[in-house]
Amino acid sequence: MAADIEQYSRFDTPDQRTAQTQLARVLRAGAERSGLDHGKWSTQPQGDMEFAVLPPGTSEQLVLGEYVTHLTAELGGYNATRRPAERMRLRLAIDTGVAATAALGFSGPAPIAVARYLNAPEVKRALAAAASASLAVVISDRLYQDVVRSRFHGHDPEQYRRIHVQQKGFAGYGWVRLPGVDPQDARESCPDTPEGGPRPPARTAETEQPSFVQRGVHGTAIQGVIHGSVIHGVVPGGSGR
């Protein structure tokens with residue numbers, strides 16, 4: 001999972017410091033109000049962005065449901081006290097899969113997918129077009145099909161719009177939601193990718209058996225299960241995978 005402040009460069013230096021502090025606060029508060037222990041997340045702060053690998057067994061339903069709801073509320077409460085130019089708006093990308101520690105952070109198909117979803121122009125346009133929104137959430141097609149489409153735990157597919165993301169060698173479908181925005185308005189700001197639209201090629205890193213090496217130890221990840229000795233390899237929200 002990764003969260004990024006929209007148009008962070010518009011802030012001056014003192015406001016950037018404030019924005020970073022508030023980003024850390026709302027992410028932590030949203031987790032705590034949802035019953036998630038943010039202290040157990042493996043995080044990689046990057047100034048205006050935080051990437052996080054959640055512990056194995058974390059409920060995908062909880063993250064897509066209560067966590068997004070409480071994060072939206074925390075953002076709304078903060079923005080209500082700020083001038084329009086000082087509002088903080090976030091993009092949040094979520095996927096489930098294999099992640100492993102690396103020299104400068106994390107490696108694996110899930111971190112790559114999250115990074116591509118987070119910076120997809122389609123997601124940025126959706127948030128820019130919805131002036132009242134404080135948060136744009138984009139999830140992988142895998143999460144949508146497994147959790148949202150089945151309406152598991154009350155998730156509503158009508159809240160999501162499908163997009164096709166293709167950048168830096170990655171291609172795949174994602175699903176965008178603008179919490180607190182009327183679905184019809186969200187549909188206008190982020191129209192669905194048609195069924196006859198571009199078909200993304202299969203992600204090689206997921207269809208093959210990805211191997212990784214970390215400081216001399218080897219392992220192989222097959223369908224989200226780690227075999228062998230690795231320093232750190234987790235499947236965020238990957239219960240049952």
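Quick notes on this structure:
- Residue within region 112-127 that is in contact with a His (Cβ under 8 Å, 6 or more places away or on another chain) and open to solvent by 10 Å² or more (accessible area, probe 1.4 Å) present: yes
- So TYR117, is it outside any strand (DSSP E or B), closer than 24 Å to SER59 by Cα and in contact with a Phe, Trp or Tyr (Cβ under 6 Å, 6 or more places away or on another chain): no
- Of all residues in region 44-64, none are charged (D, E, K, R) and closer than 12 Å to PRO179 by Cα.
- The residue of region 128-142 that is least open to solvent (accessible area, probe 1.4 Å), among those that are outside any strand (DSSP E or B) and out of contact with any Gly (no Cβ under 8 Å at 6 or more places or on another chain), is ALA130.
- Candidate set from region 21-43 (those that are touching a helix residue (DSSP H, G or I) at 6+ places or on another chain (Cβ under 9 Å) and more than 19 Å from LEU135 (Cβ to Cβ)); member that is surrounded by the fewest Cβ atoms within 10 Å (Cβ to Cβ): GLY39
- Region 96-113: number of residues that are closer than 29 Å to PHE11 by Cα and touching a residue at least 12 places away in the same chain (Cβ under 8 Å): 5
- When THR101 is tested against (1) in contact with a helix residue (DSSP H, G or I) (Cβ under 6 Å, 6 or more places away or on another chain); (2) of a type in the set (Ser, Thr, Tyr); (3) assigned to a strand (DSSP E or B), only condition (1) is not met.
- Residue pairs meeting the criteria (Cβ under 6 Å; at least 6 apart or on separate chains; first within 16 Å of GLY76 (Cβ to Cβ), in region 17-35; second part of a helix (DSSP H, G or I) and open to solvent by less than 20 Å² (accessible area, probe 1.4 Å)): VAL26/LEU75; GLY30/TYR67; GLY30/LEU71; SER34/TYR67
- Take the conditions (1) surrounded by fewer than 22 Cβ atoms within 10 Å (Cβ to Cβ); (2) within 13 Å of the chain's Cα centre (by Cα); (3) within 15 Å of GLY180 (Cβ to Cβ); GLY77 misses just one of them, which is (2).
The values are calculated or read from the model by the stated rules, or taken from the named source; none is laboratory data. Since this is a predicted model, take the numbers as computed values, not measurements. Every residue, glycine as well, gets a Cβ built from its backbone with ideal geometry; the counts of neighbours run over all protein chains shown. Side chains included, ligands, DNA and RNA excluded: accessible areas come from the protein's heavy atoms. Shrake-Rupley method; radii C 1.70, N 1.55, O 1.52, S 1.80 Å.
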